[in-house]
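First the structure, in the form of structure tokens, and then the observations on it.
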Amino acid sequence: MLGLLHPLSGTVTRAPGLVVGYVPQRGNHDSIFPLTALDVVRAGGAAHAAKPHRPFSLLAAPSEARLALDSMGIGHLADHPFARLSGGQAQRVLLARALVRKPDLLALDEPTAGMDLPSERDLLDHVQRLSAEKGMAVLLVTHQLCLAGRARRIALLDKDRDAFVMGDADNLMTATSLSSAFGREMAVVVAAGSRIVLAGKAPETAP
């Protein structure tokens, strides 16, 4: 989907001029380089100025990078060394780097890895608000089924069983559908309005 790898089979059709923002699972910035948070965001590239063969050929303007950091609520960290940021702060910087391109599609690969639960919730809530405000599609890759339940549509993949199922989250995030997709008993418990997915039977509750 990012256009960086050729598909092993079939074809990938991309809309002309499609701009994709990408947040990797882990940042790949070597700590020996004295990059600030602002430097990292600027490396995301100038909005709509990239070429297919040079996707990040231009640096974003400092003013645009600061706006992206502000949109993530971390504008005050612009001049801080990226290597010294906490895990949650670093992920917000990487998200700002993806957003500075003003993407049509935001691709997130395990964006909350290593984050505590409150930070995870805040980050995903923020992404949902940005998606609604900017009309931006979001693709989230995660091993946490509880997070997948926040999406409108989901795809369940199990490489070992060569399984692939796609559909509305409300239809697939059920014990029956998940058990069938993964070939083992799964349970779904609703607590505080959120779905919690468990491997095995749901725990019994006292009457």
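Every number here is computed from the coordinates shown, using simple stated rules; none is lab data. Just so we're clear, the structure is a prediction, and the values are computed from it rather than from any experiment. A quick note on method: Cβ atoms are made from the backbone with ideal geometry, for glycine too, and the neighbour counts reach across all protein chains shown.
Points worth noting:
- Annotation: aspartates and glutamates with alpha-carbon distance below 13 angstrom to LYS134 (same-chain offsets under eight excluded): ASP104.
- The convex hull built on the alpha-carbon positions of region 144-207 has an orientation-averaged projected area of 4.6 nm².
- For the chain, a crude dipole built from +1 on the beta carbon of Lys and Arg and -1 on the beta carbon of Asp and Glu, taken about the Cα centre, is about 500 debye to the nearest 20.
- FRET efficiency, 1/(1 + (r/R0)^6) with R0 22 Å, evaluated for ALA155 and THR11 via beta carbons: 0.75
- Relative counts (whole %) of C-alpha pair distances in region 89-134, using bins that are 5 Å wide: 5, 19, 36, 26, 11, 3
- q = 0.18, 0.19 Å⁻¹, the chain: log10 I(q)/I(0) [Debye, one scatterer per Cα]: -1.30, -1.38
- From helices alone, the chain scores -8500 deg cm²/dmol at 222 nm; the rule is -39500 (n - 2.57) for each run of n ≥ 4 DSSP H residues, then divide by the residue total.
- The chain: antiparallel DSSP beta bridges as a percent of all, rounded to 5: 60
- Cα long-axis angle, helix 62-71 against the chain (0 to 90 degrees, to the nearest 10): 30
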